[in-house]
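Worksheet: one structure, shown below.
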Amino acid sequence: MQIQINTDHNIDGREALSAHIREVVEHAMAHEAAHITRVQVHLQDENGPKSGPNAMRCGMQARLERHQPLDVTCDAESMHQAIAGAADKLRHLVEQTLGRERDERRRRTDPPLVEPGAPVKP
């Protein structure tokens, strides 16, 4: 699973912040990491140098095998809260999406496909 981090010009993209993001995302996505090709993280300070409520925004997008990208956002007082909130939302969305697919496969009643040229049993 590849993790890309993008920030606006108001966010200092230090190594410590990048390491924190990678740790949070890897922990949140660990259960379904085999199905995720890439997670993009977008960080924004909505108010720039001014302060205000819920000024920090973290958006995350997960790219799954055979699925459209899944997007979530979280606004919070601090960047760490926004990152944790977005990671939690994304984990739930990925689990829900893949769980729905697994349930659908289990409920299928059509016969399994037979390979061409394979003998058919009566």
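Name the residues in the range 1-34 that are among the basic types (Lys, Arg) and modelled with pLDDT of 90 or more, would you? Before the answer, list the steps.
Of the range 1-34, the ones among the basic types (Lys, Arg) are 14, 22.
Across the range 1-34, the qualifying residue is only Arg22.
Screening Ala55 on (1) at pLDDT 85 or above; (2) out of contact with any Lys or Arg (no Cβ under 7 Å at 6 or more places or on another chain); (3) of a type in the set (A, V, I, L, M, F, W, C) shows it passes everything except condition (1). Screening the range 1-24 for residues that are surrounded by 10 or more Cβ atoms within 10 Å (Cβ to Cβ) and hydrophobic (A, V, I, L, M, F, W, C) and picking the one that is farthest from Ala55 (Cα to Cα) gives Met1.
Go through Thr97, Thr37, Thr109 for me and flag whichever is touching a His at 6+ places or on another chain (Cβ under 9 Å), surrounded by fewer than 18 Cβ atoms within 10 Å (Cβ to Cβ) and either assigned to a strand (DSSP E or B) or at pLDDT below 95 (or both). Spell out the reasoning first.
Numbers: Thr37 fails: touching a His at 6+ places or on another chain (Cβ under 9 Å); Thr109 fails: touching a His at 6+ places or on another chain (Cβ under 9 Å).
Of Thr97, Thr37, Thr109, the one residue that is touching a His at 6+ places or on another chain (Cβ under 9 Å), surrounded by fewer than 18 Cβ atoms within 10 Å (Cβ to Cβ) and either assigned to a strand (DSSP E or B) or at pLDDT below 95 (or both) is Thr97.
Just one of (1) of a type in the set (A, V, I, L, M, F, W, C); (2) in contact with a Leu (Cβ under 8 Å, 6 or more places away or on another chain); (3) free of Cβ contacts under 8 Å to residues at least 60 places away in the same chain fails for Ala28. It is (3).
Consider Gln61 carefully, then state whether it is part of a loop (DSSP other than H, G, I, E, B) and under 16 Å from the mean Cα position of the chain (by Cα). Can you show your working first?
On the way: part of a loop (DSSP other than H, G, I, E, B): no; under 16 Å from the mean Cα position of the chain (by Cα): yes.
In short, no.
Scan the range 1-32 for residues that are part of a loop (DSSP other than H, G, I, E, B), in contact with a strand residue (DSSP E or B) (Cβ under 6 Å, 6 or more places away or on another chain) and closer than 11 Å to Leu43 by Cα and report the count.
First, pick out the residues of the range 1-32 that are part of a loop (DSSP other than H, G, I, E, B): 1, 8-14.
Retained after the next criterion (residues that are in contact with a strand residue (DSSP E or B) (Cβ under 6 Å, 6 or more places away or on another chain)): 1, 8, 10-11, 13.
Those left that are additionally closer than 11 Å to Leu43 by Cα: 8, 10-11, 13.
Result for the range 1-32: 4.
Inspect all residues belonging to the range 47-60 and state whether any of them is in contact (Cβ under 8 Å) with a residue 60 or more places away in the chain, in contact with a strand residue (DSSP E or B) (Cβ under 6 Å, 6 or more places away or on another chain) and under 30 Å from His9 (Cβ atoms). No; the residues of the range 47-60 include none that is in contact (Cβ under 8 Å) with a residue 60 or more places away in the chain, in contact with a strand residue (DSSP E or B) (Cβ under 6 Å, 6 or more places away or on another chain) and under 30 Å from His9 (Cβ atoms).
The values are calculated or read from the model by the stated rules, or taken from the named source; none is laboratory data. This structure is a prediction, so every number in the text was calculated from the model and none was measured. Backbone-built Cβ (ideal geometry, glycine too); neighbour counts: all protein chains shown.
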